[in-house]
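For reference, the structure discussed in these notes is given below.
The values are calculated or read from the model by the stated rules, or taken from the named source; none is laboratory data. Because the structure is predicted, anything quoted here is derived from the model rather than measured. Virtual Cβ from ideal backbone geometry, glycine too; neighbours counted across all protein chains shown. We work out accessible area using only protein heavy atoms, side chains counted, and drop any ligands, DNA or RNA first. Shrake-Rupley method; radii C 1.70, N 1.55, O 1.52, S 1.80 Å.
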Amino acid sequence: MDLEYLLQLILNGLFVGSFYGLVALGYSMVYGIIKLLNFAHGDIYMLGAFSGYTLLTIGAGVIGGQASIIVLVVIMLIAMVLTGTIGLILERVAYRPLRSAPRLSVLITAVGASFALEYGIAVSFGPNPRVYPVGLGNESFTIFGARLTYAQLAMMLIAVALMVGLDQIVRRTRSGRAMRAISQDPKACLLMGINVDSVISRTFFVGSALAGAAGVMSGAYYGKIDFLMGFIIGLKAFTAAVIGGIGNLRGAVLGAIVLGLLESFGTAWLGSEWRDVFAFGFLILFLTVRPTGLLGERVTERV
Amino acid sequence: MSFVLEVRDLVVNYGKVEALRGLSLTVGDGETVSLLGNNGAGKSTTVDAISGVVRVTSGTITAFGKDVTNAKPWDLVEMGIIHVPEGRRIFSRLTVHENLQIGGYAVTDSSAINQRIKQVYSLLPRLAERRAQQGGTLSGGEQQMLAIGRAMVAGPKLLMLDEPSMGLAPLMVAQIMDVVRDIREQGTSVLLIEQNARSALRVATRGYVIDSGVVTIEASAEQLRSDPRVVEAYLGK
């Protein structure tokens, strides 16, 4: 295999991985803070794509068919606020009443929420795919023989900026400290004067907003969206979170990059129809061989 | 004397189990009150109820003249009612410094937080040495110091300590009690829950003995030290 091809595979993997990463972060944040696998998270990504679609359709008359990256970023930010709010409402309505219920009940509720969102969109927008009203340009450049479009580069940079921003929030701010503290001991957090419910709401908002951003970017890049588009990427994000160590945010990003690269190389060798088989094979492999993931905490807690 | 805390006829049920059956106690301004009793007597339930972590079935809790029965824990923290829980409950994967910062979560004035963290470091230099270490790497005694330091950053007016001496070596217990004395001398009212009656009664001014969810003896620390029932049950011969 020549070097240029290798580099191309790496770039493709990083590009797909940055999408997975944005979605995986929300998965991992929510798991970290309330130990819930939010299976509706992929559908928040789908809602992000539909929010962007709706906003762009409304705005199409104003901006024309070819959206500049700035317009798209503004649309993305609005969609992030929308999906963030939806995530927050989802937690309020579906998960908070079950806070002290067995974890299996909450998990089943999450699956129910996922279907509700999917078929809610299917009813309102119709079951057929919608075509995004704007396309991104195809102009590309080559680095060492590998091809990358400017749109891909811009989206990767946006994803990295969002990830770094989140990392800084979680590591340095008062809210971020509270999130980390709640993931360790929610009852002790009450005694610190932390309004645990409101921090959990904030976590859902931020995680859902990131998924929404990925949804808009995906719609603009691939051009087509449908009500089931969140299903597979939700599972992929879950896989990425597991590979990195679920609950660990840097792990989620690392897991997403690893998964993106694995898929990129896997499809190059086996053919693209094997992509999902390959990805979920790795999920099973990690769950059996290293369930704590690459960066996961060891689960030995001092009593 | 004006009371900072007044608990009247407190009843708390866990399902069908009556943990507290009409318990009453008071803490006066600047007082250090000790709550003694065996395992399962209802000591921890009492503080959990005061800090809003468990629901009160009946009875009233008044703090600083305000009815705070079943108030939200974060509102109580904002009022200066700070609870250092049994088993320390420090955040083992946050650094020592972050643990202290979390202690000041409810404080909006960040310069006050930094000022208090500085005070904690000068009072407990061991914590200053370990400020960048994760909480979980500290020894048991250091973790207790951290739990108390974390509470001090919140600016307590009433500090409730649940079994701070649990599982610690005698020398460490003495150090913890010194810290409690320092806190008291700054004018903070203290409610000290202990099984270790000997050291608790050395710091406290007054005490209650509770059994099966009710107060059985109330007296000054001095009287409790010589009360034959207390001597026999909690101080040994």
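Here are a few things to note about the model shown:
- Residue that is nearest to the other protein chains (Cβ to nearest Cβ), among those in the stretch A:172-189 that are in contact with a helix residue (DSSP H, G or I) (Cβ under 7 Å, 6 or more places away or on another chain) and open to solvent by 40 Å² or more (accessible area, probe 1.4 Å): A:180
- Evaluation of residue B:144 against (1) touching a Gly at 6+ places or on another chain (Cβ under 6 Å); (2) assigned to a helix (DSSP H, G or I) (one fails), failing number: (1)
- Restricting the stretch A:249-303 to residues that are of a type in the set (Ser, Thr, Tyr) and open to solvent by 90 Å² or more (accessible area, probe 1.4 Å), the residue that is modelled with the highest pLDDT: A:288
- Flag if residue A:294 is assigned to a helix (DSSP H, G or I), of a type in the set (A, V, I, L, M) and more than 14 Å from chain B (Cβ to nearest Cβ): no
- Top-ranked residue of the stretch B:30-49 - restricted to ones that are in contact with a helix residue (DSSP H, G or I) (Cβ under 8 Å, 6 or more places away or on another chain) and crowded, with 21+ Cβ neighbours inside 10 Å, ranked as nearest to residue B:10 (Cα to Cα): B:35
- Within the stretch A:136-155, restricting attention to residues that are touching a Phe, Trp or Tyr at 6+ places or on another chain (Cβ under 9 Å), open to solvent by less than 30 Å² (accessible area, probe 1.4 Å) and not in a loop (DSSP other than H, G, I, E, B), the residue that is nearest to residue A:87 (Cα to Cα) is A:155.
- Restricting attention to the stretch A:225-248, the residues that are more than 14 Å from residue A:283 (Cβ to Cβ), buried (at least 24 other Cβ atoms within 10 Å of the Cβ) and more than 11 Å from the chain's Cα centre (by Cα) add up to 2.
- Applying the condition of being closer than 12 Å to residue A:181 by Cα and open to solvent by 40 Å² or more (accessible area, probe 1.4 Å) to the stretch B:60-111 and asking which residue is nearest to the chain's Cα centre (by Cα) yields B:89.
- Inside the stretch B:109-141, residues that are touching a Lys or Arg at 6+ places or on another chain (Cβ under 8 Å) and either in a loop (DSSP other than H, G, I, E, B) or among the aromatic types (Phe, Trp, Tyr) (or both) make up a count of 2.
- Taken as a whole, the condition of being over 14 Å from residue A:191 (Cβ atoms), more than 9 Å from chain A (Cβ to nearest Cβ) and touching a strand residue (DSSP E or B) at 6+ places or on another chain (Cβ under 8 Å) applies to residue B:95.
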